[in-house]
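For reference, the structure discussed in these notes is given below.
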Amino acid sequence: MYGHRMLLRAGDLDLVMRPYRPDEAKFAVAGFETYEVMKYLFPLRSAQTLPDEEVFLERIRNDQDQFLWAICVVRDGEEIPIGSTSIRIDGMRGLSGIVIYDKSWWGRGIASATHLARTLYAFDVCDLVAIDSKVISDNAGSLRALESVGYCRTGTDYHVKMAAGRVRHAIRLTLVNPSDRAWNYFWGDSDIPTEFLEARSVARAALGRARRIVTLP
Ligand SMILES: CC(C)(COP(=O)(O)OP(=O)(O)OC[C@H]1O[C@@H](n2cnc3c(N)ncnc32)[C@H](O)[C@@H]1OP(=O)(O)O)[C@@H](O)C(=O)NCCC(=O)NCCS
């Protein structure tokens, strides 16, 4: 299934996160046949073609366990898809992912901004208690964007893939919903690791920013 429409800004860019429309799979194809875009994605190994992406988007539409958004840049009133982001729901937890398949938009703060909106949706709309993610350790931009909203490193999965001639490891991360209700439920009476206490402050600040910049019309 698709997530509801969200409006936000990244610097001077107007962004919309919304469901894909029929015939928009084509926007992903140039990126999905490019190794630079795909090399840090896993377990996906092959280039994705137009039929693959059409099947994928149709499957997502019918998948009750996953929210996905097209990330669009708004130009002259037109919403142009440049990437996708998702949360797979498993009980009270989610698993997040992102790809900006048009790499001409990398480094413009779009992942950081969309993580704010996705996190807001996960906690304020879906009522999730925590969100998990995994990132290839060399993927500095993705790690920074996740940690900027309060994801905390929990460990390493070794040798998840080969990329550009080197064995790559993945860092596991978890973002715990910082609201008192979710936080207390998540941790119960266990000792809370210090790094998660620090991450809670980051998550609270991020949600504060999200509530200022994200609109769900
Ligand atoms: C990873 C990806 C999502 C990042 O998106 P983006 O919009 O370029 O990220 P942002 O511009 O929001 O950058 C996030 C942070 O990382 C930094 N950053 C971005 N690219 C970086 C790089 N190559 N090296 C180091 N830092 C980088 C930015 O400066 C920013 O830090 P700041 O908030 O301190 O300024 C995008 O490059 C992408 O889609 N890559 C291919 C697919 C992929 O790797 N998906 C993630 C799988 S876990």
## Note on the structure
Of (1) β-branched (V, I, T); (2) open to solvent by less than 70 Å² (accessible area, probe 1.4 Å); (3) without any contact (Cβ under 8 Å) to a residue 24 or more places away in the chain, V55 fails just (2)
### Subset of the stretch 83-122 that is open to solvent by 10 Å² or more (accessible area, probe 1.4 Å) and aromatic (F, W, Y) - its residue that is farthest from Y185 (Cα to Cα)
W105
### Query
How about the stretch 120-150: which of its residues are among the polar types (S, T, N, Q) and in contact with a Ser or Thr (Cβ under 8 Å, 6 or more places away or on another chain)?
S133, S137, S148
### Task
Taking only the stretch 119-145 into account, find how many residues are within 7 Å of the ligand (Cβ to nearest atom) and either in a helix (DSSP H, G or I) or over 19 Å from V160 (Cβ atoms) (or both).
5
### Query
So which helices (runs of 4 or more DSSP H) are wholly in the stretch 10-98 and hold at least 1 residues that are aliphatic (A, V, I, L, M), touching an Asp or Glu at 6+ places or on another chain (Cβ under 6 Å) and within 13 Å of the ligand (Cβ to nearest atom)?
26-32
### Task
Within the stretch 151-162, identify whether any single residue is at pLDDT 95 or above, surrounded by 14 or more Cβ atoms within 10 Å (Cβ to Cβ), more than 14 Å from the ligand (Cβ to nearest atom) and small (G, A, S), and answer yes or no.
no
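The values are calculated or read from the model by the stated rules, or taken from the named source; none is laboratory data. Bear in mind the structure is a predicted one, so any value in this text is a computation, not a measurement. Cβ sites come from the backbone with ideal geometry, for glycine too, and all protein chains shown count toward neighbours. For the accessible areas, the whole protein counts, side chains as well, though only heavy atoms, and no ligand, DNA or RNA atoms are used. Shrake-Rupley method; radii C 1.70, N 1.55, O 1.52, S 1.80 Å.
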